[in-house]
1. Net charge near Thr37, counting Lys/Arg +1 and Asp/Glu -1 over other residues with Cβ under 14 Å of its Cβ?
2. Return the Rg/Rh ratio of the range 77-147 with Cα-based radii and a Kirkwood Rh.
3. Treat each spin label as a single point 7 Å out from the Cα along the C-beta direction, and report the Arg118 to Asn163 distance in nm.
4. Can you compute the label reach from Met135? Point 7 Å from Cα along the Cβ direction, backbone N cut-off under 20 Å, restricted to the range 17-58.
5. Just check the range 19-144 against the gyration tensor rule for me: Cα atoms, a ≥ b ≥ c as the square roots of the eigenvalues, rounded for a/c under 1.5, and otherwise prolate or oblate depending on whether a/b exceeds b/c.
6. Under a 5 Å amide H to amide H cut-off, with H placed in plane at 1.01 Å, what residues pair with Thr99 once short-range neighbours are removed?
7. Report the calculated FRET efficiency for Glu49 and Ser73 (r = Cβ-Cβ distance, R0 = 35 Å), to the nearest 0.05.
Amino acid sequence: MAKNQDEETLASEVLEDTGLEPRVYELGFHLDPELPTEEVKKEYHAVREFIASKGTIVAEGEPEKIPLAYTISRQGASDAPGRRDFDSAYFCWIVYEATAADHDEVVESANSDTRIIRFIDLLTTKDAARHSVEMRELSLKTPEPVEEPETAASAELDAALENVVV
């Protein structure tokens, strides 16, 4: 019996080493902020369809324009030489399950796409992806606290009056 278990362990190690066993990956990417809204949607769906052709989509976050934490400077494409600076971008992410070979094709495609200004590709789990989706939905449902200007001004006035020396 122990021999069969050792053979199964060896077989699973060979599958992992050859990349035949599907794994879960997350591709997060920034699209060019100067693209028209329709072009952003088309580009996102093109990336999504390519990934779907190579594996199974687990979760996703559609494009959302965000300010970047720092400026990204990138060399332009061959048809538009020179550097471009980006202070904002459309952020999207797609979690997918694929084999190592298919994953390599997805990364190569993202790297050659001139509309993607930066991307990151991570090894993840289905549970982590689902948790991200749940947290995003929860944050969208929770209203942001709004401080009324009159209350803030009143609090500042009260604090200033307390410090007045007569």
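1. Details: positive: Lys41, Lys42, Lys65, Arg115; negative: Asp32, Glu34, Glu38, Glu39, Glu43, Glu62, Glu64.
Once all neighbours under 14 Å are counted, the net charge is -3.
2. My calculation puts Rg/Rh at 1.09.
3. Those two pseudo-labels are separated by 3.9 nm.
4. Of the residues in the range 17-58, 24-30, 58 have backbone N under 20 Å from the label point off Met135.
5. Values: a/c = 2.02, a/b = 1.18, b/c = 1.72.
In terms of gyration-tensor shape, oblate.
6. Those lying under 5 Å, H to H, from Thr99 are Arg23.
7. On the way: r = 30 Å, r/R0 = 0.86.
My answer for the efficiency is 0.70.
No value in this document is a laboratory result; all are computed from the given coordinates. Predicted model only: the values in this text are computed from it and were never measured. Every residue, glycine among them, receives a Cβ derived from its backbone with ideal geometry; neighbour counts consider all protein chains shown.
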